[in-house]
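For reference, the structure is listed below as structure tokens.
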Amino acid sequence: MSNALKRLAGQTALYGLSSIVGRAVNFLLLPILTPILLIPEYGVITYLYAYTGFFNVIYLYGMETGYFRFSKKEGVGESKAFSLSLSSLLITTTLFTFLFVALSTPIARLTLHQDKSEYIVFLALILATDTLSALPFARLRWEGKALQFALLKLSSIGLNIGLTILFLRAIPDSIISHDHAVYLWVESWTPKDRVAAVLLANLLANLFPFLFFWNVIKGFVFTLQKDIRKELIAYCIPLMWMGLAGMVNELIDRILLEYVLPKNFYPGRSSMYAIGIYGACYKLSMFISLAVQSFRYAADPFFFSKATDKNAPDLFARVMTWFVISCLALFAFVSIFLPYFGLLLRRPEYNEGLYIVPYLLMANVFLGIYYNLSMWYKLTDKTIFGTYLSILGAIITVIGNLLLIPVIGYFGSAITTLICYLSMALLSWYFGQKYYPIPYQLFKITGYILFAVALVVLSGFIEGYGLVADLALRSLILVIYPITVYLFEIRKISAKLS
């Protein structure tokens, strides 16, 4: 690989250690929450965070990408772009948070059908802290400080996990006794509601990075320079609509399961129970989702910085090929060893939903491909195409869920997710070749996808063996994939270099 690809891979690895706080925490908390919380309680948390995903996009309204784009714009520069972006976010975040807190009671009654206004207050503050930390973290990415970025994110993740364990164990009827002084002290001010305790831990962990941002925001000046701000907002708003449509694709299924799933579809179980099963199993697909997110953190500034190079199209094509190869390795690994990854859920009741995981994993592979392809409209300032594609994906998602959930339950949501992201990837490639042609290795990529799927299907015939034989057979099937990659890719590269 070239030096540019090696640098991108190295930064992706560092960002991958942390990735996005919400995603990483939700996954790392999975084996902690599932044995402590009742499945309907886990369903409520899944349901609440689905709404949070939508409002995260509204709070941020594309300012991260806008900051990157205007940092390279003539007459603006990084410092002015940072001050403009952060100033705008300070005003809107304050306004949005005030409205949510003031209207917390009616919002709780509308969404949760009960008086749980404290949930809404916690979520509003979580949204505010997420938003105001986004620009400082983006500046670290722009400056290539991947290690500092990763350390802050990892520290926040670790703090969230630790506080969640501490708070949940301090609640009466928890899994340990209360004779320890620390737990007695924590119990005195921790919410007695398990869901509220999880939200409080998230909020406190979000506040932690602000202790170290003083040096990152050095040079910030509150400003709302009208001419540049209007241009910046015009660039960002299509990204917001695209982001909202993306949240429909990613999260609307949890909300629709509450309203569309027929009563008693899963005999004797509530819709929140079904959401809990679906949400927990969905988390297992985050092995790829986290990899995709970490790639995006490194790729956005990378693609922008390389866009004017004469060899950029060939470089971007190679990035795509290796990206797909890497994601498919994760897809094959998790899918082939799925019965063992299911142990992370720590309740046998969750196993009934494991069959949807390979579909969701492959859906996330196509989502990653779409993100990779999406650079064409960011580099050509045609972000409106991203909006169109995301809206189309949202339409597919809503219609698919409305049609399939009443018939096949949450499996319909998984199938719809796969169809949505595949459609978006294909259409983005089609339009991208018109406006920013890149010689992607389509036949090779398709071949690897089909090959990885075939290995997973083959592993499905392994059953009725003892533990040692089962692990050995699954390992034998899995190892075929890296051997194939070595024979068709790495060995050829080594031969060229020698």
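Taking a ≥ b ≥ c as the square roots of the eigenvalues of the Cα gyration tensor, region 39-166 is classed as oblate, since a/c reaches at least 1.5 and a/b does not exceed b/c.
How would you classify region 225-346 from its alpha-carbon gyration tensor, with a ≥ b ≥ c the square roots of the eigenvalues: rounded for a/c under 1.5, else prolate if a/b is greater than b/c, otherwise oblate? Verdict is oblate for region 225-346. Rounded to the nearest 500, the helix-only mean residue ellipticity at 222 nm of the chain stands at -26000 deg cm²/dmol, with each DSSP H run of n ≥ 4 adding -39,500 (n - 2.57). Relative to its residue count, the chain spans a Cα convex hull of 168 Å³ per residue. Remark: LYS382, LYS310, LYS230, LYS444 ranked as LYS310, LYS230, LYS444, LYS382, counting other beta-carbon atoms within 10 Å and listing the fewest first. Pairs of Cα atoms nearer than 8 Å and 6+ residues apart set the relative contact order; for the chain it is 21 percent.
Over region 374-487, the alpha carbon radius of gyration divided by the compact-protein estimate 2.2 N^0.38 Å works out to 1.44. Calculated on the Cα set of region 429-498, radius of gyration then Dmax: 17.5, 55 Å.
Counting only lysines at least 8 places from LYS80 when in the same chain, those with an alpha carbon closer than 25 Å to its own are LYS72, LYS145, LYS218, LYS226, LYS230, LYS306, LYS378, LYS382. Applying the Karplus relation 6.51 cos²θ - 1.76 cosθ + 1.60 with θ = phi - 60° to region 298-313 yields 3J(HN,Hα) values of 7, 6, 4, x, 4, 5, 4, 6, 9, 4, 8, 5, 5, 9, 4, x Hz, where x marks Gly and Pro. In terms of other Cβ atoms within 10 Å, THR105, THR97 run from fewest to most in the order THR105, THR97.
Just so you know, all these numbers are worked out from the coordinates, no wet-lab data involved. If you're wondering where the values come from, they're calculated on a predicted model, not measured in any experiment. Cβ sites come from the backbone with ideal geometry, for glycine too, and all protein chains shown count toward neighbours.
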